[in-house]
Amino acid sequence: MTAVDAPGAPDAPDDLEPDAGGQLPTPPPIGPVDPTTATLLDEPGSLAAFAAFRHNRIVRVAVRWVVLVGATIAIFCAFLLAKGAQPDEVLRSMWETSLGSPDSVGETFIRATPILLAALAAAVPARGGLFNLGGEGQLLLGAVGAFVAANALDGGASSAVTLVCMAIGGAVFGAAWAAIPAVLKVYTRTNEAISSLLLNYIAGIIITWLCFERWKDPISLGQAYSRELTGGERFPIIWGNRVHLGIFVGVIAGLVLWVILRWSTWGFKLKVLGGNPSAARRAGLAVTGLSIAAMMVGGAMAGLGGMVEVAGTEGRLRPELLAGYGFIGFLASWLARHDPLRIIGAAVLLGAIAVGGSGLKITAGLSGGAVNILMALVLFAVLGWGRTSESEGS
Amino acid sequence: MIEAVLTGAVAGGTSIVFAGLGELTCERAGVINLGTEGSMLCGALAAYVVGINTGSPWLGVLAGIAAGALLASVHAVMVLHRHANQIAVGLVVTFLGTGLTSLFGQDYVGKGVQPLESWAIPGLSKLPFLGTVLFDHDPLTYLSFVAVPLVAWGLWRTRAGLILRSAGEGPEVLEIYGTSARKVRWIALLVGGGLAGLGGAQLSTAATLNWSEGMTVGRGFVAVALVIFAGWHPLKLAGGAYLFSGAIALQLQLQARGWEISRYLLESLPYVTVLVVLALLSNRRIHGGPAALEKVFEG
Amino acid sequence: MTNDAPTAPRDANAPSTAERIPILDARGITQRFGSLVANDAVDFSLFAGEVHALLGENGAGKSTLMKVLYGVNTPQEGQVLVNGVAIEPGSPAAARAAGIGMVFQDLRLVPALTVAENIELACGSGRYRSKVARDRVRGGAERYGLAVDADAVVRDLSIAERQLVEILRVLLMDARVVILDEPTSALAPQEVDALLAVIERLRDDGLGIALITHKLAETRAVADRATVLRGGAMVLSGADPRSLTDDELIETMVGAVPPPLPAERVPARTGMPALAVSGVSANGADGHPRLHDVTFLVQPGELVGVAGVSGNGQRELLDVVLGVLPLSSGSIHIGGRDIGRSGKPRNALRAGAVIVPEDPVNDAVVGGLAILEHLALNGRPLPTSGPRIDWKSVRNLVAGNDISERLHLAPLDRKVATLSGGNIQRVVLTRTFLVDDPKLVVVAYPSRGLDIASVRATQQLLLERREAGAGVLMVSEDLDELLALADRIIVLHDGHLAGVVEPGSTDRQAIGRLMLQGAAA
């Protein structure tokens, strides 16, 4: 929020602060600001006990979240009922597939990793005031980059070296793909939200082409996918059948970015840019470089996500690889208000819901895409009602 | 071949024209609605389902409009009442739309629908070249021919249009004269969502005659891009929509003629075209957009 | 006309005010915001065919009172009567229906629409026909003698022209009372005269005009009565301004009259100019040419003022000097260093410039950051220790001198989003004056939003910078401020340098002619 948004209702005494402020042009707030609300909120509550209860911040926040979670689940159940499914059965199967057993928890972490990295891809540019809706494409290009590196090495290096090269390949490809909207934004003022969105579809076509033609596995017969990565090109399994070392990549990236964004000079510059690009420019910050760098760091994160997916979970390139994960990552970033530490939690939550989708499919016979409804409801709850500062802050 | 490409451009462009007009209405009122993609999907499914169950494609079209508007009302609540970020909410609304259509469309995949028949316009459709390109289409396509100038007329020649533009250019001024900008934006979103739903309905009941998950493949997002590159002008928007669908038609024609170009390269042509044109025109669009819209992108 | 001494009472045949019912009568208005009393039992009445000036400093409560009259604010006590009948408080619609019209200081027009469309928005009804709307504007403009073009897009109009549009709008809405909120603050002297002539004509038509201002000259020129507010209280009620001297009026407005600025000045130095602008042409942010072949120097230890009607290239001049806008031709040197033509602020800042931009809220501050964080963003390299920023050194810098106290800076940990416009201006000024040994200080409208004490402190600091050898370039819309501070004043007109004048050997009318007519004057 910029300072422009800050002033209150039009009747605020803007020429009456003791120190006489308010002569600068502060536009009145747009739209529906009810001039009476401010005073209504200041009215003391009729019941002292209720006021005390109301002012207990922890209680209020807890009540708010219980209501929000309840409403979210209730609305989801209503949709399930409308479809003729049994909500309790569906929810139970979702719970069991995503969190009900150690195996399913592992699966949740596997799914959460690309979401986490795609979320960081949205979060870093968002700190600088840019909308990166291209996580989807950057994930895919990262997977391609990992394959390019693996193909180039062709088994000629140790597993560790190969994986590092694949990670670099993924990050570079993801960053390069994210650089396109960034450069278009900076040099031609093309809206980066729209251009990054369109690039997702082009990335999807590139993957399809690779799977159907360029890199088609000769022994795949009718199926379209690439060769399977060999043992040295895969993350080692650390637990169970599927949980691989790659799940730490996202967490580590999140922690590192948290430190950088919060404490470093670069993070501060990005915050200034995101808060007010015009002020950043007039303070001598290299706005062009910062914008491109922010998008590319984001793209690199998503690229890593694509690499982890192929080198860890999938082992090959498929056309439908990671479909929707870029968008889920974008949602996770907004869920966490672009804070990398919170993004880790948000990614696990959305990862669990995504895994629940396969439970939905297998046990309840419903379309797996239906979990998108639940994710959307969670996001609405947080975007619309999650901010407690409205009633408490000012 | 030119005839075939142009015919394909007009037929395929209809859904994008409708969605684009809807988005244009919203953006002129100062709200960007990335939920257009979701509204199209909902419109496509609702029209398809109602068309199958009632046997009347026209009832289906009405249902499509209603479904699109209903989804847009979610955007309205979040953006106009909860003041959440428009870009983020729009994407979530689209997510909701994909989820809902995935859940409720599951049983309808591959079922045939009673199609919205083409009406060859007597006389005109016999014209050489133009007859096939313009006058042998489904009724919704003719409706889109009318809708484009109608929206332009409405924007600049009616009080409603004046108020709509003011909601996007100077909402605080509108409020002074006792018109609620929020109310205007609500109406714009409902109309916009309805138009997107109509576009989706055309897609499923007149164009593909089928339902499949995510069948709009980004047409709603393309519509958003087109509104910007059209400089928020309905006629230019229609041009952009036909450019996009023309690129698809051209790609199909080239493939059918066995051109030695990868079909994947060709498939990306429409998206690349829009992106390139957008980039080329953006520099001139610095101050083209409604003033309230620019604030959205300032975070 | 500004200097015309009013002669006889203007409406000698009218019955004395005591016998008439005022068309607007506010009685005992008290408006509180929390603990702050914005208006304390204020009375304000207005008769038909009268101009009543409401005087007071920034923050005296003038705007609050006007918002009460216009129904934007609901007062805790008191009522507003129109022709003796109380109107519903807190309803602008009711106020409008009762014939009260208001011309806001930040004009309430939609820039993207034409004049006719804007007026249609305000007072149209029924079916919209653009021809009818345009004819109404033309007819109204003719009837009231206002030079307004119905088809012009408001964005392309000057502030003075927009003001006329607003006045016409109010008149076409059948207002009998017109409230003008600081209408002359952005106008050239001749434009002020033209506006005052319009006000007099409207008064002679029998309208009641409430004129909010802090300028004595225009009060004397047109006002029949004056009411003065100070700190929310009414210190003078409906007196004839001619019965008071200037000093008495000033004292009612501000209490004690602040001491004047020192008249003695160290002369400017010679040597490497602090700023050399040679043959500069540039396009504005919208891509249209806004500056044409501008050439001037600022010597070290010299304060150069920039005058002009707002929108005549001041913003672009500031932006090219800072390197925000690229040059289409010419060159700019700061302290002898070429800052290039590509539009990189970094070059200008590294060459030793510091700046207070025209629009601090939009161009200088980040709402979510604390004041302390802003003080680091002064254009010099950020003070770092390792990969982090050395916030302690910034705190020490502030503590090391008295600048923040002199400017009454808010606590360093306050978020800027919570500050008023005046306090934001203080943040930007403090940041600028904290920079050690600048070659060039560029300030736009330094006293905007500040009370008189802070204005004076700011002016002192600017002069101290000048004494210390920095070149100072100051844009202001307040001719008095320019005349008091500047060694030379350059006047911009339509992007051209219309002339350079020395405050000692010129008068306001000459500057006004340059502002309005350019070099041809």
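Restricted to the range B:215-235, and to residues there that are in a loop (DSSP other than H, G, I, E, B) and in contact (Cβ under 8 Å) with a residue 60 or more places away in the chain, the residue that is nearest to the other protein chains (Cβ to nearest Cβ) is B:Gly218.
Of A:Ala283, A:Ala294, all but one fail to be more than 8 Å from every other protein chain (Cβ to nearest Cβ) and either touching a Lys or Arg at 6+ places or on another chain (Cβ under 6 Å) or buried (at least 22 other Cβ atoms within 10 Å of the Cβ) (or both); the exception is A:Ala294.
For the structure I just gave you, tell me whether B:Thr158 is more than 8 Å from chain C (Cβ to nearest Cβ), under 14 Å from C:Glu120 (Cβ atoms) and of a type in the set (Val, Ile, Thr). No, not satisfied. Return yes or no: is C:Ser130 in contact (Cβ under 8 Å) with a residue 40 or more places away in the chain and surrounded by fewer than 22 Cβ atoms within 10 Å (Cβ to Cβ)? So C:Ser130 fails the test.
Please work out if A:Glu392 is surrounded by fewer than 23 Cβ atoms within 10 Å (Cβ to Cβ), more than 24 Å from A:Thr108 (Cα to Cα) and either away from every other protein chain (no Cβ under 13 Å) or at pLDDT 95 or above (or both). I'd like the intermediate steps shown before the answer.
On the way: surrounded by fewer than 23 Cβ atoms within 10 Å (Cβ to Cβ): yes; more than 24 Å from A:Thr108 (Cα to Cα): yes; either away from every other protein chain (no Cβ under 13 Å) or at pLDDT 95 or above (or both): yes.
For A:Glu392, the condition - surrounded by fewer than 23 Cβ atoms within 10 Å (Cβ to Cβ), more than 24 Å from A:Thr108 (Cα to Cα) and either away from every other protein chain (no Cβ under 13 Å) or at pLDDT 95 or above (or both) - is met.
Any idea which residue in the range B:81-100 is nearest to A:Leu374 (Cα to Cα), counting only those that are part of a helix (DSSP H, G or I) and among the aliphatic types (A, V, I, L, M)? The residue in question is B:Leu96.
Scanning the range A:67-96 for residues that are β-branched (Val, Ile, Thr) and surrounded by fewer than 18 Cβ atoms within 10 Å (Cβ to Cβ) gives A:Val67, A:Val69, A:Ile73, A:Ile75.
Could you check, for the range A:357-370, whether at least one of its residues is crowded, with 19+ Cβ neighbours inside 10 Å and away from chain B (no Cβ under 11 Å)? There is at least one residue in the range A:357-370 that is crowded, with 19+ Cβ neighbours inside 10 Å and away from chain B (no Cβ under 11 Å). Restricting C:Ala41, C:Ala94, C:Ala86 to residues that are away from chain A (no Cβ under 14 Å), without any contact (Cβ under 8 Å) to a residue 40 or more places away in the chain, touching an Asp or Glu at 6+ places or on another chain (Cβ under 9 Å) and surrounded by fewer than 21 Cβ atoms within 10 Å (Cβ to Cβ) narrows the list to C:Ala94. Kindly indicate whether C:Pro111 is in contact (Cβ under 8 Å) with a residue 24 or more places away in the chain, in a loop (DSSP other than H, G, I, E, B) and at negative phi. So C:Pro111 fits the description; yes. Looking for something surrounded by 16 or more Cβ atoms within 10 Å (Cβ to Cβ), within 14 Å of another protein chain (Cβ to nearest Cβ) and basic (Lys, Arg) - is there at least one such residue anywhere in the range A:247-266? Within the range A:247-266, none of the residues are surrounded by 16 or more Cβ atoms within 10 Å (Cβ to Cβ), within 14 Å of another protein chain (Cβ to nearest Cβ) and basic (Lys, Arg).
A quick yes/no check of all residues on (1) at the interface with chain A (Cβ under 10 Å from one of its Cβ atoms); (2) under 26 Å from C:Gly308 (Cα atoms):
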site	(1), (2)
C:Gly323	yes, yes
C:Ser331	no, yes
C:Gly335	no, yes
C:Gly343	yes, yes
C:Asn378	yes, no
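The set of residues in the range C:269-310 being away from every other protein chain (no Cβ under 14 Å) and in a loop (DSSP other than H, G, I, E, B) consists of C:Arg269, C:Thr270, C:Gly271, C:Met272, C:Pro273, C:Ala274, C:Gln299, C:Pro300, C:Gly301, C:Glu302, C:Gly308, C:Val309.
Among the residues of the range C:48-69, which ones are more than 11 Å from chain A (Cβ to nearest Cβ) and either of a type in the set (A, V, I, L, M) or crowded, with 20+ Cβ neighbours inside 10 Å (or both)? Quick ask: steps written out before the conclusion?
At the first step, the residues of the range C:48-69 found to be more than 11 Å from chain A (Cβ to nearest Cβ) are C:48-55, C:69.
Selection gives C:Ala48, C:Glu50, C:Val51, C:His52, C:Ala53, C:Leu54, C:Leu55, C:Leu69.
Looking only at residues of the range A:128-142 that are under 14 Å from A:Ile115 (Cα atoms) and in a helix (DSSP H, G or I), we find that the one that is farthest from the other protein chains (Cβ to nearest Cβ) is A:Gly142. When the range B:175-186 is filtered for residues that are more than 7 Å from every other protein chain (Cβ to nearest Cβ), in contact with a Ser or Thr (Cβ under 9 Å, 6 or more places away or on another chain) and either in a helix (DSSP H, G or I) or closer than 26 Å to B:Gly64 by Cβ (or both), the ones remaining, listed by number, are B:Val184, B:Trp186.
Take C:Val365 and tell me if it is part of a loop (DSSP other than H, G, I, E, B), at the interface with another protein chain (Cβ under 7 Å from one of its Cβ atoms) and either among the β-branched types (Val, Ile, Thr) or surrounded by fewer than 19 Cβ atoms within 10 Å (Cβ to Cβ) (or both).
yes
Among the numbered conditions (1) out of contact with any Asp or Glu (no Cβ under 6 Å at 6 or more places or on another chain); (2) within 20 Å of B:His137 (Cβ to Cβ), the only one that B:Gly214 does not meet is (2).
The values are calculated or read from the model by the stated rules, or taken from the named source; none is laboratory data. This structure is a prediction, so every number in the text was calculated from the model and none was measured. Glycine also receives a Cβ, built like all others from the backbone with ideal geometry; neighbour counts cover every protein chain displayed.
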